[in-house]
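Everything below concerns the one structure shown next.
Only the coordinates and a few stated rules stand behind these numbers; no lab work does. Because the structure is predicted, anything quoted here is derived from the model rather than measured. So basically every Cβ, Gly included, is an ideal-geometry build from the backbone, and we count neighbours across all protein chains shown.
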């Protein structure tokens, strides 16, 4: 008998975080598990998340607050999160020898600041359960019969199993393998799949000066979106300048709404460097700065108030000559500087698209999934996890928590279903 013809208890399609967690859990529950991954190695996208640091989860202990982060999907996740919470995810990785730390906004990272640490834990988890892993194995078809999914085809081989876990991800970062074929299979099976669109994605802006700030990060600034002169949304957090625009948590978490605004017309942004201070306080700080450094040039003094990299940009936008001595700065120039640091203007050109998205919106309609087990309501032996599901969430560890919760529950449920046959 060819190895490809062997009957498995559970076949997991996709070796990302949700797939690895599901495979490990199914094996831990006694199932013979085969994991199929089309890339040469597992977890390609996992290794680049959080700039390579990997935001493992979010330590939000208030379940109501946590569920609210998932918007409409939150009402479906109450039961799953009660079974596998962010606290359990942290304990899982800590117990496996990976210490974690909590950073601002309750973001949880490995103490090592390396996504490889997370990858290593998941790999060891699967190895302990004797999961068979086959990389460079792109699935080309799901074969069905009257009882559900019968097998999957990989090249000329066909792999059979009692239960299948689909963990193919969405369409974000296609270079990592998330190219959306799972959605096409599900559509062919009769599932309703919502349109896929970029959800957490960097923004391209019109201003060329951002190029000189590429790589500069600003913490605790306020970003406000504006359309037709009216403020639409504000968010305080970290932003990152890129060669073409803006990224970072605050931007990524606004990107979907900005994309929607763009469909109605032009959108601009304002960056407030002092969100906790009113105009009068910033004005006073500026006056004090100019007085203290009255014999110094403004270009050398302003760095005491704002990040050094921003000084030439702010001076240029305010039409203030950087060579001007502080005691010669006019009231008009001072007001211009004050208004700028409270609202640096940027015009949005577009979102960068699926190729740069952290996650995508869209996926299988949630009404077609049983959230007690993550089994398809259309196919009794097909389980759906991670980005395959139509669940929006912000950045901050929520995406990976969704992977851990869905992977754990689906893996356990798939093993249980398979073992009964």
Inset, instruction - May I ask for the angle, rounded to the nearest 10°, between helix 17-28 and the longest principal axis of the chain, with both axes built from Cα atoms and the value confined to 0 to 90°? - result: 40
Inset, instruction - With a/c under 1.5 counting as rounded, go ahead and sort segment 10-66 into rounded, prolate or oblate using the C-alpha gyration tensor (a ≥ b ≥ c being the square roots of the eigenvalues; past the cut-off, prolate if a/b is larger than b/c, else oblate). - result: oblate
Legend entry - DSSP-defined antiparallel bridges as percent of all bridges, the chain, nearest 5: 75
Legend entry - Footprinting exposure proxy for 21, 7 (fewest neighbouring C-beta atoms within 10 Å first): 7, 21
Inset, instruction - Estimate the FRET efficiency between residue 331 and residue 243 by the formula 1/(1 + (r/R0)^6), using the beta-carbon distance for r and 35 Å for R0, to the nearest 0.05. - result: 0.45
Inset, instruction - Translational diffusion coefficient, Stokes-Einstein: compute it for segment 1-145 using the Kirkwood radius over C-alpha pairs as Rh, at 10 °C and 1.306 mPa s, and state it as an integer in µm² s⁻¹. - result: 95
Legend entry - On Cα atoms only, tilt of 331-341 relative to the major axis of the chain in degrees: 10
Legend entry - Exposure proxy order (Cβ contacts within 10 Å, fewest to most) of 378, 331: 331, 378
Inset, instruction - Set the Förster distance to 41 Å, then compute FRET efficiency between residue 295 and residue 211 from the Cβ-Cβ distance, nearest 0.05. - result: 0.75
Inset, instruction - For segment 101-142, state the semi-axes of the equivalent ellipsoid (square roots of 5 times the eigenvalues of the alpha-carbon gyration tensor), sorted largest first and rounded to whole angstrom. - result: 30, 15, 9
Legend entry - Dmax and Rg, reported as Rg then Dmax, of segment 190-250 (C-alpha, Å): 14.8, 50
Legend entry - Histogram of C-alpha separations across the chain, 20 Å bin width, %: 26, 47, 21, 6, 0
Legend entry - Efficiency of FRET between residue 228 and residue 128 - r from beta-carbon atoms, R0 60 angstrom, step 0.05: 0.55
Legend entry - For segment 202-352, alpha-carbon Rg and Dmax in angstrom: 15.7, 50
Inset, instruction - Compute the acute angle (0 to 90°) between the alpha-carbon long axis of helix 279-292 and the principal axis of greatest extent of the alpha-carbon atoms of the chain; round to the nearest 10°. - result: 60
Inset, instruction - Would you kindly state how much longer the chain becomes between residue 65 and residue 277 on full extension, computed as 0.36 nm times their sequence separation minus their alpha carbon distance, in nm to one decimal? - result: 73.6 nm
